[in-house]
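Let me begin by presenting the structure, written as structure tokens, before commenting on it.
Derivation of every value follows stated rules applied to the coordinates shown; laboratory data play no part. If you're wondering where the values come from, they're calculated on a predicted model, not measured in any experiment. In this analysis, Cβ positions are derived from the backbone assuming ideal geometry, glycine residues included, and neighbour counts consider all displayed protein chains.
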């Protein structure tokens, strides 16, 4: 199996604001090439949320080329290739939206998602597979880790989630960040919501600890956008907003219902904030 693992970091919420791309080419089950580029996003503008995640600033990319200037070097990794990403819906969307922004024809390619295949965050699946992840959210590091995860999947190796290290908690759901959403927040308000929001009239569940925004604040925002917030996952759930140390039972339900034909999307905190920005 030959493929290219891809990881993209963005400067802002809009997905055409690529500031780093990592690409790792695999042929005959071996990594044969890898590249990483810092890219100057439009107007070299950054969101503090995004910088907090990956550490890249406007100063880092002030002298970097813009995306079209690098496309000839990136294209061979993309065109007519099988692309693999962890949360492919994000990375592939970033790529296509950036190509469209610069009026570049989107090449033919296939894609697969290791997050969808494993149901786990990249750092956790790397622990479960004993894969090195030295600098999480560096695009090349994440792309290399994604490539190794996909190789494990191709070899039909089962991850050992007992290796995943999480903070020990006595009663995690009573600790800060795990508070239950209740009261009026559970009552959808479609009349005053925003029909253009991706969360409008969608069933939303929160799990885990959000680090950049409180669960209460996040719930208030999506309710005002027209979301229907639930406390438990059902077959009708659309999005599960996932923070640190998500509830194991909820993650198992997602896997179970998706295997039965549901389409429950796991949205980690950074993507959630980007969706709010968009």
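Computed with the Debye formula from one identical point scatterer per Cα of segment 113-254, without solvent, the log10 of I(q)/I(0) at q = 0.09, 0.17, 0.19, 0.21 Å⁻¹ comes to -0.34, -1.01, -1.14, -1.23.
The convex hull defined by the C-alpha atoms of segment 1-86 has an orientation-averaged projected area of 5.9 nm². The value of relative contact order for segment 3-154, using C-alpha pairs under 8 Å at least six residues apart, is 29 percent. Take every Cα pair under 8 Å whose residues are at least 6 apart in sequence, average their separation, divide by the length of the chain, and the relative contact order is 16 percent. The convex hull of the Cα atoms of segment 3-154, projected and averaged over all directions, covers 8.3 nm². Computed log10 I(q)/I(0) for the chain at 0.10, 0.14, 0.15, 0.17 Å⁻¹: -0.55, -1.07, -1.22, -1.46, from the Debye equation with unit scatterers placed on every C-alpha and solvent omitted. The mean sequence separation of alpha-carbon pairs under 8 Å and at least six residues apart, normalised by the residue count of segment 169-277, gives a relative contact order of 27 percent.
With the simple spin-label model, which puts each label point 7 Å out from Cα in the Cβ direction, the residue 93 to residue 221 separation comes to 1.5 nm.
May I ask for the angle, rounded to the nearest 10°, between helix 88-101 and the longest principal axis of the chain, with both axes built from Cα atoms and the value confined to 0 to 90°? The angle comes out at about 60 degrees. Applying 1/(1 + (r/R0)^6) with r as the Cβ-Cβ distance of residue 179 and residue 66 and R0 = 41 angstrom yields a FRET efficiency of 0.40.
Report summary: the helix-based calculation at 222 nm, which adds -39500 (n - 2.57) for every DSSP H run with n ≥ 4 and divides by the residues of the chain, gives -10500 deg cm²/dmol.
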